[in-house]
Ligand code: NOJ
């Protein structure tokens, strides 16, 4: 039973060797911090050898650690030291594509007759153009020319991330044996990247263009495409099941009706991430069309997701990760961001059914970075979205405002540890800028101090691991007080116990009829207080209540 998983973006967590980039020894040095936070598992974004075009999501050696992060011995030490503290380690499996610097791809190019050619998806073009007009997820055509043969290879993401050909059984066995190799090393499981993309519509039909560039969105032809279930079941049976590995999949596009197949009793994964409430601000999947989030729509999205997920299996509930901007900036107005609202947001998702995920820095209330120019960004997707916004006629200022709000680099700026140089992240020059609010946001400013966001997250984690752990992981979920505007509330129940979570998601008081209960956690009221009947909740007050039996 996983209760609280903490995601680490290794580049930005802690830099032990002073090169400006976080590393494994840096993480080892922070394990006690993670223990005190009360997490039972950590998930490391990719630490494998990579040219870092997409910061490690372009792997050139699945069994090697990139020297930027350390070496295999460091990783083994990290796994052992984490284990000593009762913390498991999840690695990030990127199976839809490799880097173009992977030896398989290099051989596929240098010797088109080698077996590695069929590890990837090569097709002939038509009239000196790519085989079809599909657009990659990072803009531009999804096909890149192999000048040596005149054929093109497919890439759902950047051109430096060629897609693997899952139709090839030999390739699949290579991947499964790599997975088993890591499980033999004692990792607890994996977060699995972009897994819904592994099966393609092999007709590769061109589509009606949806933009002036003549390209078209191809999601319907490569996201959860029919036949994917064969690959997923095989991977579960051959790689994960024999080790009872925990797996959480980034499975974009899985409809709620199919969740039982993905995460049920005999599902492909232990859990999947649902994007319905974290991408709710995207009007059409792009950052250049951000829309305001009506409260009622957000509540419906979270609760509908939870109803569907809890009926099928266990959830992986989260508000932040390395691809999202910071949750206070997404869900709150700038003038609403404060201790109460940020802790309320935390409790809103933390006690939902399944496993609660914390993304590094979320427990400190880190907000978006105040970006000033495009040159400050590192992320490939940010540059692409900026260009696409300009192409759609937005001004440079508007395009910058949009990517500043949504850029993945908001989550990737360095972790804020203390008052020292670079907030204790690095002695060198950090690869992304340090948030200027570090003197108030950093861990040192909050450690041991009541009424801080960090302390609130510690309290929430402790509650999730205490007597009620099973209730939070497994208990039933039911929305409550739905008729009351601005109130996000739900009940969790197991056996004879019922917990009621009430969030006053608005900047004014709310009056509610509460059942006889005692406060487990609150951002205004302390534990042990008893409540009953008509009660006034302060702006952004949250109450986690144990109802009297
Ligand atoms: C999803 C990852 O979370 C993201 O960071 C990455 O860019 C793409 N997959 C491609 O691997």
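The values are calculated or read from the model by the stated rules, or taken from the named source; none is laboratory data. These numbers come from a predicted model, not from an experiment. Methodologically, a virtual Cβ is constructed for each residue, glycine included, from the backbone with ideal geometry; neighbour enumeration extends over all protein chains shown.
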For the range 436-445, state whether one or more residues are within 16 Å of the ligand (Cβ to nearest atom) and farther than 23 Å from residue 295 by Cα. no
Residue list for the range 187-198, filter: within 16 Å of the ligand (Cβ to nearest atom) and part of a loop (DSSP other than H, G, I, E, B): 194, 198
Suppose we keep only residues that are free of Cβ contacts under 8 Å to residues at least 40 places away in the same chain and not in a loop (DSSP other than H, G, I, E, B) within the range 431-456. Which one would you say is nearest to residue 303 (Cα to Cα)? 455
Those residues of the range 212-223 which are outside any helix (DSSP H, G or I), touching a helix residue (DSSP H, G or I) at 6+ places or on another chain (Cβ under 9 Å) and modelled with pLDDT of 95 or more, in sequence order: 223
Does residue 21 qualify as being away from the ligand (no atom under 16 Å from the Cβ) and out of contact with any strand residue (DSSP E or B) (no Cβ under 7 Å at 6 or more places or on another chain)? yes
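Restricting to the range 146-186, and then to whatever is part of a loop (DSSP other than H, G, I, E, B), in contact (Cβ under 8 Å) with a residue 60 or more places away in the chain and surrounded by fewer than 16 Cβ atoms within 10 Å (Cβ to Cβ), can you tell me which residue is farthest from the ligand (Cβ to nearest atom)? Spell out how you get there, then give the answer.
Residues of the range 146-186 part of a loop (DSSP other than H, G, I, E, B): 147-150, 155-162, 165-168, 185-186.
Now narrow it down to the ones that are in contact (Cβ under 8 Å) with a residue 60 or more places away in the chain: 156-158, 160-162, 166, 185-186.
With surrounded by fewer than 16 Cβ atoms within 10 Å (Cβ to Cβ) added as a condition, the list becomes 185-186.
Working: 185: 23, 186: 24 Å.
Across the range 146-186, the extreme among qualifying residues is 186.
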Hits in the range 62-115 - residues which are more than 16 Å from the ligand (Cβ to nearest atom) and part of a strand (DSSP E or B): 63, 64, 65, 88, 89
Which of the residues spanning the range 353-397 are part of a helix (DSSP H, G or I), out of contact with any helix residue (DSSP H, G or I) (no Cβ under 8 Å at 6 or more places or on another chain) and within 16 Å of the ligand (Cβ to nearest atom)? 380, 381, 384
Among the residues of the range 383-398, is any touching a residue at least 60 places away in the same chain (Cβ under 8 Å) and closer than 24 Å to residue 29 by Cα? no
So residue 232 passes all but one of these: (1) within 19 Å of the chain's Cα centre (by Cα); (2) closer than 29 Å to residue 116 by Cα. Which condition number does it fail? (1)
Members of the range 285-321 found to be within 16 Å of the ligand (Cβ to nearest atom), surrounded by 22 or more Cβ atoms within 10 Å (Cβ to Cβ) and at pLDDT 95 or above, listed by number: 316, 318, 319, 320
Subset of the range 418-427 [in contact with a helix residue (DSSP H, G or I) (Cβ under 6 Å, 6 or more places away or on another chain) and surrounded by 22 or more Cβ atoms within 10 Å (Cβ to Cβ)]: 423
Condition first: at pLDDT 95 or above and either exposed (fewer than 15 other Cβ atoms within 10 Å of the Cβ) or not in a helix (DSSP H, G or I) (or both). Now tell me which residues in the range 234-253 satisfy that. 237, 241, 242, 244, 245, 246, 247, 248, 249, 250
Flagged in the range 457-476 as part of a helix (DSSP H, G or I) and within 21 Å of residue 310 (Cβ to Cβ), in numbering order, are 460, 461, 463, 464, 465, 469, 470, 471, 472, 473, 474
Does the range 340-352 contain at least one residue that is more than 16 Å from the ligand (Cβ to nearest atom), crowded, with 18+ Cβ neighbours inside 10 Å and on the phi > 0 side of the Ramachandran plot? no
Pair list, Cβ < 8 Å and 6+ apart or interchain, from the range 314-339 residues that are part of a loop (DSSP other than H, G, I, E, B) to residues that are more than 16 Å from the ligand (Cβ to nearest atom) and modelled with pLDDT under 95: none
Could you say which residue among 226, 209 is surrounded by fewer than 15 Cβ atoms within 10 Å (Cβ to Cβ), in contact with a strand residue (DSSP E or B) (Cβ under 7 Å, 6 or more places away or on another chain), at pLDDT 95 or above and part of a loop (DSSP other than H, G, I, E, B)? 209
Can you pull out every residue in the range 36-59 that is in contact with a strand residue (DSSP E or B) (Cβ under 8 Å, 6 or more places away or on another chain), in a loop (DSSP other than H, G, I, E, B) and away from the ligand (no atom under 13 Å from the Cβ)? 38, 39, 40, 47
